[in-house]
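Beneath this line is the structure, given in structure tokens, with notes to follow.
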Amino acid sequence: MTTTEKIAQQVRKDIIWSIYHAKSGHPGGSLSCSDILTLLFHRVMSPNKSNKNRLSDDYFILSKGHATPALYAVAASKGLIRRADLKTLRAINSPLQGHPDVRHTPWVDVSTGSLGQGFSVAVGIAKGLQLKNSLKRVFTLLGDGELQEGQVWEGAMFAGHHKLSQLTAIVDYNKLQSDATNKQICNLEPLADKWRAFGWNVVEVDGHDHPQLLTTLMADTASTQPKVVIAHTVKGKGVDYMENMPLWHGSVTLSEQQYIDAMTSLGCSLAELEEYQNV
């Protein structure tokens, strides 16, 4: 395993651990985007040198706001929060709410949760940076079910028209949403062609292949187009009984046995499980 692959695997364990303690949360889509978020914050986005309370000098908007267990686990891996804080996910008065909240987490750029709105804000930030001739970049992560929201395509049209080249959108394309497959609920295909029609540079990758993802996200092209990375992922990645199952999208309570089975599936030893009990 590479260094970032090891971090991503730890992130997945921390996701399961936090959701188990919260007795609620969205494991499927958090596990599917763990590799993406790990690479973004550990390798791709510019480190913040002036404000230790920020994840990066670039902007990141988690438009699929329900995937906070992954965002918080990555923040812990960066030392922004204590690992022990992950046990407070969704607790009353905890800063680690079920969706990102700028009032409680200063390193979050935008409060999100209502699908489609985070992407729209990312487009607006990118336009503001363009007007200022700023070199800062904007990254935003969308869920595939989220792409059924009309305002996503309004934003895509605006960004393509204004040539917001500092904007990179990443689609966590795990093909599933809360109740069934995208294809059953509202088919997204031909997805790449839709983005191209709005003037975007489109790249499709394996969302769990770190070298491929890193090369794509780091690519510095001379294109004036905004970029969308369609990352093909597996919902529930790493936990065998959760993979490709809409049941594990969200609002789940893990039993002790389900927690143990999930952690074991992620390669957690008995010694590690005991360590988690002592955190």
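Could you tell me which residue of segment 229-260 is farthest from the chain's Cα centre (by Cα), considering only residues that are small (Gly, Ala, Ser) and under 18 Å from Leu147 (Cβ atoms)?
So, considering only residues that are small (Gly, Ala, Ser) and under 18 Å from Leu147 (Cβ atoms), the one farthest from the chain's Cα centre (by Cα) is Gly250.
Which residue out of Asn174, Asn133 is more than 22 Å from Ile36 (Cα to Cα) and among the polar types (S, T, N, Q)?
Asn133
Tell me, yes or no, whether segment 114-121 has at least one residue that is closer than 24 Å to Asp57 by Cβ and either of a type in the set (A, V, I, L, M) or free of Cβ contacts under 8 Å to residues at least 24 places away in the same chain (or both).
Yes, the conditions are met somewhere in segment 114-121.
Only one of (1) modelled with pLDDT under 95; (2) touching a strand residue (DSSP E or B) at 6+ places or on another chain (Cβ under 8 Å); (3) of a type in the set (S, T, N, Q) fails for Thr105. Which number is that?
So the condition that Thr105 fails would be (2).
Out of the residues in segment 196-244 meeting the condition of being at pLDDT below 95 and not hydroxyl-bearing (Ser, Thr, Tyr), tell me which one is surrounded by the most Cβ atoms within 10 Å (Cβ to Cβ). Before the answer, list the steps.
Going residue by residue through segment 196-244, those that are at pLDDT below 95 are 218-224.
Next, only the ones that are not hydroxyl-bearing (Ser, Thr, Tyr) stay: 218-220, 222.
Numbers: Met218: 10, Ala219: 13, Asp220: 5, Ala222: 5.
Result: Ala219.
Of the conditions (1) within 24 Å of Thr168 (Cα to Cα); (2) of a type in the set (S, T, N, Q); (3) touching a residue at least 60 places away in the same chain (Cβ under 8 Å), Thr68 fails just one. Which one is it?
If we test Thr68 against (1) within 24 Å of Thr168 (Cα to Cα); (2) of a type in the set (S, T, N, Q); (3) touching a residue at least 60 places away in the same chain (Cβ under 8 Å), just (3) comes out false.
Residues in segment 33-40: is at least one in contact with a strand residue (DSSP E or B) (Cβ under 9 Å, 6 or more places away or on another chain), without any contact (Cβ under 8 Å) to a residue 60 or more places away in the chain and either of a type in the set (Asp, Glu) or closer than 24 Å to Leu217 by Cα (or both)?
Checking segment 33-40: not a single residue is in contact with a strand residue (DSSP E or B) (Cβ under 9 Å, 6 or more places away or on another chain), without any contact (Cβ under 8 Å) to a residue 60 or more places away in the chain and either of a type in the set (Asp, Glu) or closer than 24 Å to Leu217 by Cα (or both).
Determine the pairs where a residue that is at pLDDT 95 or above, located within segment 1-23, has a partner that is among the polar types (S, T, N, Q) and outside any helix (DSSP H, G or I) with Cβ atoms under 8 Å apart, the partner being 6 or more residues away or on another chain.
Close Cβ pairs (under 8 Å, with a partner that is among the polar types (S, T, N, Q) and outside any helix (DSSP H, G or I)) amount to Lys23/Thr253.
Is it the case, given these coordinates, that Lys87 is over 15 Å from the mean Cα position of the chain (by Cα) and either in contact (Cβ under 8 Å) with a residue 12 or more places away in the chain or surrounded by fewer than 17 Cβ atoms within 10 Å (Cβ to Cβ) (or both)? Write out each step before concluding.
Working: over 15 Å from the mean Cα position of the chain (by Cα): yes; either in contact (Cβ under 8 Å) with a residue 12 or more places away in the chain or surrounded by fewer than 17 Cβ atoms within 10 Å (Cβ to Cβ) (or both): yes.
For Lys87, the condition - over 15 Å from the mean Cα position of the chain (by Cα) and either in contact (Cβ under 8 Å) with a residue 12 or more places away in the chain or surrounded by fewer than 17 Cβ atoms within 10 Å (Cβ to Cβ) (or both) - is met.
Quick check on this structure: which one of Leu96, Leu141, Leu115, Leu164 is buried (at least 16 other Cβ atoms within 10 Å of the Cβ), outside any helix (DSSP H, G or I), over 19 Å from the mean Cα position of the chain (by Cα) and not polar (S, T, N, Q)?
Of the residues listed, the single one that is buried (at least 16 other Cβ atoms within 10 Å of the Cβ), outside any helix (DSSP H, G or I), over 19 Å from the mean Cα position of the chain (by Cα) and not polar (S, T, N, Q) is Leu164.
Collect the residues in segment 31-65 that are under 18 Å from Ile81 (Cα atoms), surrounded by 24 or more Cβ atoms within 10 Å (Cβ to Cβ) and hydroxyl-bearing (Ser, Thr, Tyr), keeping them in residue-number order.
Ser34, Thr38 - these are the residues of segment 31-65 that are under 18 Å from Ile81 (Cα atoms), surrounded by 24 or more Cβ atoms within 10 Å (Cβ to Cβ) and hydroxyl-bearing (Ser, Thr, Tyr).
Please verify whether Asp193 is charged (D, E, K, R), in contact with a helix residue (DSSP H, G or I) (Cβ under 6 Å, 6 or more places away or on another chain), more than 18 Å from Asp14 (Cβ to Cβ) and modelled with pLDDT of 95 or more, treating the condition exactly as stated. Before the answer, list the steps.
Numbers: charged (D, E, K, R): yes; in contact with a helix residue (DSSP H, G or I) (Cβ under 6 Å, 6 or more places away or on another chain): no; more than 18 Å from Asp14 (Cβ to Cβ): yes; modelled with pLDDT of 95 or more: yes.
Taking the combined requirement at face value, the residue does not satisfy it.
Sort out which residues of segment 183-228 are in a helix (DSSP H, G or I) and over 20 Å from Glu146 (Cα atoms), and write them in order of number.
Answer for segment 183-228, where residues must be in a helix (DSSP H, G or I) and over 20 Å from Glu146 (Cα atoms): His210, Pro211, Gln212, Leu213, Leu214, Thr215, Thr216, Leu217, Met218.
The values are calculated or read from the model by the stated rules, or taken from the named source; none is laboratory data. Source: prediction; values computed, not measured. Using ideal geometry, Cβ is built from the backbone for each residue, glycine included, and neighbour counts are taken over all protein chains shown.
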